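To keep things clear, I will list the structure first and then write my remarks on it.
The values are calculated or read from the model by the stated rules, or taken from the named source; none is laboratory data. These numbers come from a predicted model, not from an experiment. Here the Cβ positions follow ideal geometry from the backbone for every residue, glycine too, while neighbour counts run over all protein chains shown. The area values use the complete protein model at the heavy-atom level, side chains included, leaving out ligands, DNA and RNA. Shrake-Rupley method; radii C 1.70, N 1.55, O 1.52, S 1.80 Å.
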Amino acid sequence: MKELRIGIVGHKFMGKAHSNAWKRAPEFFSMEAKPVLQVACGRNQEQLDEFAKNWGWKRTETDWKKMVESDDIDIVDICSPQVTHYEIAMAAIKAGKHVFCEKPLAMNVKQAEELWAVAQKTGVTHYVNHNYRRCPAVRLAKRLIDEGKVGRIFHWRGAYLQSWIVDPDFPLTWHLRKEFSGSGPQGDLNSHSVDLARYLVGDIKTVTGMTANFITERPLPDEAASGTFKGGSSGTGRGKVTVEDAAFMIVEFENGALGSFEATRFAPGRKNYNYFEIYGEKGSILFNLENMNELQYYSSADPDYAQGFRTILATEGSHEYMANWWPAGHIIGYEHGFVHAVVDFVDAINKKTRIRPDFYDGMMELKVLEAGLESAEKGRKIVLS
Ligand code: SOE
């Protein structure tokens, strides 16, 4: 069987989620090429060794440039912070490697445009990992929309709410520094919602944004321990928070629908609340990641005495991806979206087809996100070109 050898950059939260996906995918899905966990790349050799041993990566590398150039890999999987995406992805495409990149694609639209322009000219497969597109319940939402069961869409209402930095003593990790993350919840959370909205509703035409900063200074972190959701212990001194703490937007879609987006890390009780509602002329759809196997669907075609939201458990074999997992009703979890992405990515490489979201979608999403921040700063609506 043909093999596709992967070189991964990053070994923290996303590094683990991706490693798990590459390993699990061929065990549950029949794939035309077998992913091989070839090279793990990171800066801290000790942590890297442990990571590689744990997940079964064959060798390690501390210089991503060497890894990208090396002959023993076919795919570059980018799991490092946003600030690194552009350089690594560009080098990887130029070296003829397929690229599987964590979201958001780049730090800004300009970088994303360049990546998309170069990627188009090469035959490589490129993908931006918005894992939630591949939850079976989200696929079901797409199916209902495509089958006309929602009809013309009037409204999108998206919210992505977390609470992991409410404590003013949570340290200033890279997520809170613009030079590493590009933005706060706008790039981290609204990026997912914008991707889902583009997938389910369509392209966005105008954006009006509003941001807030609730805590402007934080203790500097003890770098070794810091990470997403766990700040680690605080080091000495304090530093300025240079990204927004909350980012809200209202938008007009090309098809005339109106939408709203809320993203914050200041919503106590909300751990990873990724939620959306879609309202159309024939019905409505609600999704909440906290019950990720369920889709709420309201059909105006039901007789009036039986009308109401129904809960569909998207675990039948006929729901996308589910035939490969457990019998109906045996639910799946967060990590499965990553497995599905890996399966589709390998399939796209083999069939030389497009996988979405790709670098084009990554660029379009960044246009919306950047416009949201620009609008918040200028205090006016931004029309996307
Ligand atoms: C942290 O906010 C985070 O891990 C995001 O970076 C992910 O993209 C999101 O899926 C969960 O939360």
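Could you say whether any residue in segment 91-101 is open to solvent by 10 Å² or more (accessible area, probe 1.4 Å), more than 22 Å from residue 368 (Cα to Cα), of a type in the set (A, V, I, L, M) and not in a loop (DSSP other than H, G, I, E, B)? Yes, segment 91-101 has at least one match. With the requirement that a residue be open to solvent by less than 40 Å² (accessible area, probe 1.4 Å) and in a strand (DSSP E or B), what does segment 32-59 give you? Selection gives 33, 35, 36, 37, 38, 39, 40, 41. If we scan segment 196-207, do we find a residue that is within 12 Å of the ligand (Cβ to nearest atom), modelled with pLDDT of 95 or more and either within 21 Å of the chain's Cα centre (by Cα) or not in a loop (DSSP other than H, G, I, E, B) (or both)? Within segment 196-207, one or more residues are within 12 Å of the ligand (Cβ to nearest atom), modelled with pLDDT of 95 or more and either within 21 Å of the chain's Cα centre (by Cα) or not in a loop (DSSP other than H, G, I, E, B) (or both).
Evaluation of residue 11 against the conditions (1) over 21 Å from the mean Cα position of the chain (by Cα); (2) assigned to a loop (DSSP other than H, G, I, E, B); (3) buried (at least 20 other Cβ atoms within 10 Å of the Cβ) shows that the sole unmet condition is (1).
Please specify each residue of segment 103-117 satisfying the condition of being open to solvent by 10 Å² or more (accessible area, probe 1.4 Å) and either in contact with a Gly (Cβ under 8 Å, 6 or more places away or on another chain) or part of a loop (DSSP other than H, G, I, E, B) (or both). 103, 107, 108, 116, listed by residue number.
Does residue 317 count as more than 15 Å from the chain's Cα centre (by Cα) and farther than 20 Å from residue 19 by Cβ?
Considered against the rule, which asks whether it is more than 15 Å from the chain's Cα centre (by Cα) and farther than 20 Å from residue 19 by Cβ, residue 317 comes out as yes.
Identify, please: which residue in segment 265-282 is within 23 Å of residue 134 (Cβ to Cβ) and open to solvent by less than 70 Å² (accessible area, probe 1.4 Å) and is, among those, farthest from the ligand (Cβ to nearest atom)?
280
Restricting to segment 17-59, name every residue that is closer than 15 Å to residue 75 by Cα and polar (S, T, N, Q). Passing the criteria: 19, 38.
Counting the residues of segment 283-303 that are part of a loop (DSSP other than H, G, I, E, B), more than 14 Å from the ligand (Cβ to nearest atom) and touching a residue at least 12 places away in the same chain (Cβ under 8 Å) gives 3. Filtering segment 283-292 to residues that are open to solvent by 10 Å² or more (accessible area, probe 1.4 Å) and within 15 Å of residue 143 (Cα to Cα) leaves 284, 286.
In this structure, does residue 262 turn out to be open to solvent by 40 Å² or more (accessible area, probe 1.4 Å), within 15 Å of the ligand (Cβ to nearest atom) and part of a strand (DSSP E or B)? Yes: the conditions hold for residue 262.
Among residues of segment 118-128 being assigned to a helix (DSSP H, G or I) and open to solvent by 40 Å² or more (accessible area, probe 1.4 Å), the one that is farthest from residue 82 (Cα to Cα) is 121.
Filtering segment 129-187 to residues that are open to solvent by 10 Å² or more (accessible area, probe 1.4 Å), within 11 Å of the ligand (Cβ to nearest atom) and of a type in the set (Val, Ile, Thr) leaves nothing.
For segment 48-68, does any single residue satisfy the condition of being within 16 Å of the ligand (Cβ to nearest atom), within 25 Å of the chain's Cα centre (by Cα) and not hydrophobic (A, V, I, L, M, F, W, C)? Looking through segment 48-68, none of the residues is within 16 Å of the ligand (Cβ to nearest atom), within 25 Å of the chain's Cα centre (by Cα) and not hydrophobic (A, V, I, L, M, F, W, C). Candidates in segment 171-195 are the residues that are among the hydroxyl-bearing types (Ser, Thr, Tyr) and assigned to a loop (DSSP other than H, G, I, E, B); of these, the one that is nearest to residue 133 (Cα to Cα) is 183.
Looking at segment 30-45, is at least one residue within 16 Å of the ligand (Cβ to nearest atom) and among the charged types (D, E, K, R)? So far as segment 30-45 goes, no, none of its residues is within 16 Å of the ligand (Cβ to nearest atom) and among the charged types (D, E, K, R). Would you check if residue 239 is of a type outside the set (A, V, I, L, M, F, W, C), out of contact with any Cys (no Cβ under 9 Å at 6 or more places or on another chain) and assigned to a strand (DSSP E or B)? So residue 239 passes the test.
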